[in-house]
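Below is one structure, written out as structure tokens; comments come after it.
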Amino acid sequence: NAGVTQTPKFQVLKTGQSMTLQCAQDMNHEYMSWYRQDPGMGLRLIHYSVGAGITDQGEVPNGYNVSRSTTEDFPLRLLSAAPSQTSVYFCASSYSRSSGANVLTFGAGSRLTVL
Amino acid sequence: GQQLNQSPQSMFIQEGEDVSMNCTSSSIFNTWLWYKQDPGEGPVLLIALYKAGELTSNGRLTAQFGITRKDSFLNISASIPSDVGIYFCAGGGSSNTGKLIFGQGTTLQVKP
């Protein structure tokens, strides 16, 4: 049982390049989300999904796209990378059962540097 | 938007000491959670709290959901070197969609 798997662990991009951060979970969780972590700011929600085909914006969605074609996968796309997107990105998932939906399981993170 | 104020920002303590950290908010939360993050890893759940006034323990860790639903604290008793890391509080709203608001984190260092 792998839990939440993120790839790649590290990535360096040049300004303007695009890329996709992959996230997969094998726990049959309905809810999935992406957070970014910056020093001194905790984790901030980028996008989230409550099921296949359903996504919505979080607190800091600009510059990122998501889609959810299957229950297992929730990729995060950067269309035109900017230095302000240098961060550590975490994917998380949870069940949709009442307040249990707020109990997130996190992946190990993807560290992105944009030059 | 909603914000959580977590304090202290950092702590440097001697092994064996007790530790206390807390989070406050101007908003009400339905769920309070405490996570620990080791270097290079994702946050791992320590304790989840679901009811106002709830007091829950997990080994040497104890956390409480404030009566007003706007605050929570985490205590660690008899600290050990492996307690080193960043501790985050997080609040979940009544919508129960897995959207959490996180505190800024408390960095704990333990001197053997």
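The values are calculated or read from the model by the stated rules, or taken from the named source; none is laboratory data. In this text the structure is predicted, and so the values were computed from the model without any measurement. Every residue, glycine as well, gets a Cβ built from its backbone with ideal geometry; the counts of neighbours run over all protein chains shown.
Among the residues making up segment A:47-95, those that are closer than 18 Å to A:ALA108 by Cα and among the small types (Gly, Ala, Ser) are A:SER87, A:ALA92, A:SER93, A:SER94. Here A:GLY42 fits the description: crowded, with 19+ Cβ neighbours inside 10 Å and at positive phi.
Of the residues making up segment B:11-56, not one is at pLDDT 95 or above, farther than 22 Å from B:THR107 by Cα and at the interface with another protein chain (Cβ under 8 Å from one of its Cβ atoms). For A:THR86, the criteria (1) more than 12 Å from chain B (Cβ to nearest Cβ); (2) more than 29 Å from B:SER7 (Cα to Cα) hold in every case but one, which is (2). Restricting B:GLU17, B:GLU54 to residues that are among the acidic types (Asp, Glu) and closer than 19 Å to A:GLY100 by Cβ narrows the list to B:GLU54.
Of note, B:PRO8 satisfies the criterion of being more than 10 Å from every other protein chain (Cβ to nearest Cβ), farther than 23 Å from A:THR105 by Cβ and not hydrophobic (A, V, I, L, M, F, W, C).
For segment A:67-104, a tally of residues being more than 12 Å from the chain's Cα centre (by Cα), under 20 Å from A:ILE54 (Cα atoms), outside any loop (DSSP other than H, G, I, E, B) and touching a residue at least 24 places away in the same chain (Cβ under 8 Å) returns 2.
Give the number of residues within segment A:72-115 that are at pLDDT 95 or above, surrounded by fewer than 16 Cβ atoms within 10 Å (Cβ to Cβ) and of a type in the set (S, T, N, Q). So the answer is 3. Within segment A:43-62, the set of residues being more than 13 Å from the chain's Cα centre (by Cα) and either part of a strand (DSSP E or B) or under 21 Å from A:LYS9 (Cβ atoms) (or both) comprises A:VAL50, A:GLY51, A:ILE54. Among residues of segment B:37-93 being in a strand (DSSP E or B) and among the aromatic types (Phe, Trp, Tyr), the one that is surrounded by the most Cβ atoms within 10 Å (Cβ to Cβ) is B:PHE88.
Tell me, which residue of segment B:81-112 that is in contact with a helix residue (DSSP H, G or I) (Cβ under 7 Å, 6 or more places away or on another chain), within 22 Å of A:VAL60 (Cα to Cα) and touching a residue at least 12 places away in the same chain (Cβ under 8 Å) is farthest from the other protein chains (Cβ to nearest Cβ)? The qualifying residue farthest from the other protein chains (Cβ to nearest Cβ) is B:LEU100.
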